[in-house]
Structure formats: C-alpha cells, structure tokens
Amino acid sequence: MKSLSFRKDLIGVQEELLRFAYKLTANREEANDLLQETSLKALDNEEKYVPDTNFKGWMYTIMRNIFINNYRKVVRDQTFVDQTDNYYHLNMPQDSGFESTEGAYDLKEMHRIVNALPREYKIPFSMHVSGFKYREIAEKLGLPLGTVKSRIFFTRQRLQRELKDFV
C-alpha cells in the first residue's frame, strides 16, 4: 500500500517538476530528460523516503542535485588540460585567444596576481572562472551570497588595476 501512495504522489507532482526542470534547463527536451531521470531516481530510492514528510521538497531536491551534477560533468568534460610544462595554460579552453606571446605573458601575469591573493579571494574567483555560479560557490564554501559576489568583484578590480599596463 505504501508503494501505491508513493507512485500516486509521484504522478501528482510531475507537472510542477516539469516546470521546475524547464526553469533549470531552458530547453524542452532537456527538461523532459531531467524529469524522467528524477522520477527514475525517486523510484529507485523509494525506501529512503520518510512518509509524512515534504514529498514535493524531496523531489525538488533530487531534481536540483541531478541538474547540478550533470552541469558539473558538462563543465568538466569541456575543460581542456594542457599536458605541457607551461602550467599557465592549464584548464584554459582551446579557443582562448592566448596563442600569441603577448597573450601568454598576460595570462601568466594574471595567474601570478591571482595566486598572490589570500585564499578567501582566490578560491571563489577560481571557481567562478571555472564556470560555477555565485550561488553554487556560496553553498560549496558555506559563505553568504553577497560575500562571494564581493570577493569576486574585488578580485576583478585588482586584476584590472594591476594589468592596466598590459592592455
């Protein structure tokens, strides 16, 4: 009987979950895929759901986690890692536009400036450059959203100040 109630609840939230999936992906097909993956994960983990708790919240959490994991996988797959001894090219996209000697020097200088920053500025900035959203950085580092935005902003300002001679 518990399984029948679970499936009924699952069917009842499908429409809302599809809207949420569309907000996350902004693509109809990806939203449908995300909804299907979320529903399958919920069915696979039915025994972990505690009855008389917020079912819709549980489903939204599953969907959000799947979306974040998929997003991070895409970012990881699109990251180019240069295997040469020139470490300043690590994790740069192949079409970065730094093929010239001057561009490589600018990039090397940028890395020097960022690496000289205190950890509380360097880590959020590096995560932001890697593709993480402000909210994701705040959650991962356990910081308020405003603090993360400020630290990234101040790091950008410092880079602009110190690199003004290179432009």
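When the residues of segment 47-57 are filtered to those that are in contact with a helix residue (DSSP H, G or I) (Cβ under 8 Å, 6 or more places away or on another chain) and within 18 Å of Glu15 (Cβ to Cβ), which remaining residue is surrounded by the fewest Cβ atoms within 10 Å (Cβ to Cβ)? Lay out the reasoning, then the answer.
Residues of segment 47-57 that are in contact with a helix residue (DSSP H, G or I) (Cβ under 8 Å, 6 or more places away or on another chain), as a first pass: 49, 51, 55-56.
Checking the rest, the ones that are also within 18 Å of Glu15 (Cβ to Cβ) come to 55-56.
Details: Phe55: 18, Lys56: 13.
Top of the filtered list is Lys56.
From the list Glu109, Glu162, Glu120, which one is over 23 Å from Ile68 (Cα atoms), of a type in the set (Asp, Glu), out of contact with any Lys or Arg (no Cβ under 6 Å at 6 or more places or on another chain) and open to solvent by less than 60 Å² (accessible area, probe 1.4 Å)?
Numbers: Glu162 fails: open to solvent by less than 60 Å² (accessible area, probe 1.4 Å); Glu120 fails: open to solvent by less than 60 Å² (accessible area, probe 1.4 Å).
Answer to the selection: Glu109.
What helices (runs of 4 or more DSSP H) lie completely within segment 1-46 and have 1 or more residues being touching a Cys at 6+ places or on another chain (Cβ under 8 Å), surrounded by fewer than 11 Cβ atoms within 10 Å (Cβ to Cβ) and not aromatic (Phe, Trp, Tyr)?
On the way: elements: 2-12, 14-25, 28-44.
In segment 1-46, there are no helices (runs of 4 or more DSSP H) which contain 1 or more residues that are touching a Cys at 6+ places or on another chain (Cβ under 8 Å), surrounded by fewer than 11 Cβ atoms within 10 Å (Cβ to Cβ) and not aromatic (Phe, Trp, Tyr).
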**Report entry** helices (runs of 4 or more DSSP H) fully within segment 65-167 counting 3 or more residues that are at pLDDT below 85
**Finding:** 101-115, 145-163
Query - Residue that is farthest from Arg72 (Cα to Cα), among those in segment 123-155 that are loosely packed, with under 15 Cβ neighbours inside 10 Å and aromatic (Phe, Trp, Tyr) - result: Phe154
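The values are calculated or read from the model by the stated rules, or taken from the named source; none is laboratory data. Here the structure is a predicted model, which is why all the values come from computation and not from measurement. As a convention, Cβ positions derive from the backbone with ideal geometry for all residues, glycine included, and neighbour counts pool all protein chains shown. With ligands, DNA and RNA removed, areas are computed over all heavy atoms of the protein, side chains included. Shrake-Rupley method; radii C 1.70, N 1.55, O 1.52, S 1.80 Å.
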